[in-house]
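This report concerns only the one structure given below.
The values are calculated or read from the model by the stated rules, or taken from the named source; none is laboratory data. This one's a predicted model, so the numbers in the text were calculated from it and none came from an experiment. Quick reminder, even Gly has a Cβ in these numbers, built from the backbone with ideal geometry, and neighbours come from all protein chains shown.
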Amino acid sequence: DVKVTQSSRYLVKRTGEKVFLECVQDMDHENMFWYRQDPGLGLRLIYFSYDVKMKEKGDIPEGYSVSREKKERFSLILESASTNQTSMYLCASSPSGTSGINEQFFGPGTRLTVL
Amino acid sequence: AQKITQTQPGMFVQEKEAVTLDCTYDTSDPSYGLFWYKQPSSGEMIFLIYQGSYDQQNATEGRYSLNFQKARKSANLVISASQLGDSAMYFCAMREVNSGYALNFGKGTSLLVTP
C-alpha cells in the first residue's frame, strides 16, 4: 500500500520559532510537493522538488524554505513562524513525467497553529 | 489569473441521487491533464479520476465519471447513486505538460449527501 506520511497531524508553535515539517514517501517517487490549504482558497503550492537537492518555488514560497537530502524525504521549514502561517500543510509525491496520469499521492496533512 | 474555477462552494444531494460538480479551466497548453480529488473531514486527499486532454472518451471510475467538454474547457465530475460517505470537499486540478509537474487546484466544492 502506497504511503506518504507526515511527521505530525497537529502542531502548535510560537511566533518567531523555527518550524520543521517532515514528509516521507515509500513509493520511490521523484517528485515531492508542499501545499498549504486555507478555507476558501483551495490548495496553493509552496515548493516542489523533482530530484534530490533540487527544488523549485511554487506560488507562495515567501517565508518558507525546503530541503531534500534523500529521495524519500522532503522537509518544509518555516524560518521564523508568523501567525499568518497558521494553516493546513499537505505533502504529496508523484512519479516523474508530466503527461499521462502520474497522479499525486497525498499525506494526511499537518494542521499548524502559530500563536 | 485563476486556472481552475469551481463555482459551487457548497452542494446538497439526496442519497441515491446523481450530482454534478462543476469545473472549468483555462489553459493555452494543448497537452494537459485534469484530476478530481476528494477530501473527507479527516483531511486526506483521495485521487478519484483523471482525464487527459487527448483522451477521446470521458473517463469513468466506478460511480465517478468526468463530463469532459474540451471546447467549453469544462471537466465536470458526475457522482452517480450518491452515498452518505460521499460527503466531502471535492477539488478539481489541472497539470499542464509544458508547465512541469505541479497541479493547479480550484477552491473546492463542499458536497453534503442527505438521507
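Checking each residue in the stretch A:76-95 for being within 14 Å of another protein chain (Cβ to nearest Cβ) and either farther than 16 Å from A:Val4 by Cβ or β-branched (Val, Ile, Thr) (or both) picks out only A:Ser87.
Does the stretch B:80-87 contain at least one residue that is closer than 15 Å to A:Gln104 by Cα and part of a loop (DSSP other than H, G, I, E, B)?
Initially, the stretch B:80-87 is screened for residues closer than 15 Å to A:Gln104 by Cα, giving none.
The answer is no, given that none of the residues of the stretch B:80-87 is closer than 15 Å to A:Gln104 by Cα and part of a loop (DSSP other than H, G, I, E, B).
Among the conditions (1) assigned to a strand (DSSP E or B); (2) modelled with pLDDT under 95, the only one that B:Ser65 does not satisfy is (2). Within the set B:Ala59, B:Ala88, B:Ala81, the sole residue that is touching a Lys or Arg at 6+ places or on another chain (Cβ under 6 Å), over 23 Å from A:Phe48 (Cβ atoms) and within 14 Å of chain A (Cβ to nearest Cβ) turns out to be B:Ala88. Residues in the stretch B:9-29 that are under 15 Å from the mean Cα position of the chain (by Cα) and among the small types (Gly, Ala, Ser): B:Gly10, B:Ala18.
Table: residues versus (1) closer than 19 Å to A:Asn102 by Cβ; (2) among the hydrophobic types (A, V, I, L, M, F, W, C).
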residue	(1), (2)
B:Ser65	no, no
B:Arg72	no, no
B:Ala88	no, yes
B:Arg95	yes, no
B:Asn104	yes, no
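Taking the stretch B:9-19 as the range and being in contact with a Leu (Cβ under 9 Å, 6 or more places away or on another chain) and exposed (fewer than 15 other Cβ atoms within 10 Å of the Cβ) as the test, the residues that pass are B:Gly10, B:Phe12, B:Glu15. Does the stretch A:62-75 contain at least one residue that is within 7 Å of another protein chain (Cβ to nearest Cβ) and on the phi > 0 side of the Ramachandran plot? No.
Hey, can you tell me all the residues within the stretch B:28-37 that are more than 10 Å from B:Gly52 (Cα to Cα) and within 13 Å of chain A (Cβ to nearest Cβ)? Of everything in the stretch B:28-37, those that are more than 10 Å from B:Gly52 (Cα to Cα) and within 13 Å of chain A (Cβ to nearest Cβ) turn out to be B:Asp29, B:Pro30, B:Trp36, B:Tyr37. Restricting the first residue to the stretch B:46-61 and requiring it to be in a strand (DSSP E or B) and modelled with pLDDT of 95 or more, which pairs with a second residue that is loosely packed, with under 15 Cβ neighbours inside 10 Å and not hydroxyl-bearing (Ser, Thr, Tyr) meet a Cβ separation below 6 Å and a spacing of at least six or different chains? Listed pairs, sorted by first residue: B:Ile49/B:Glu61.
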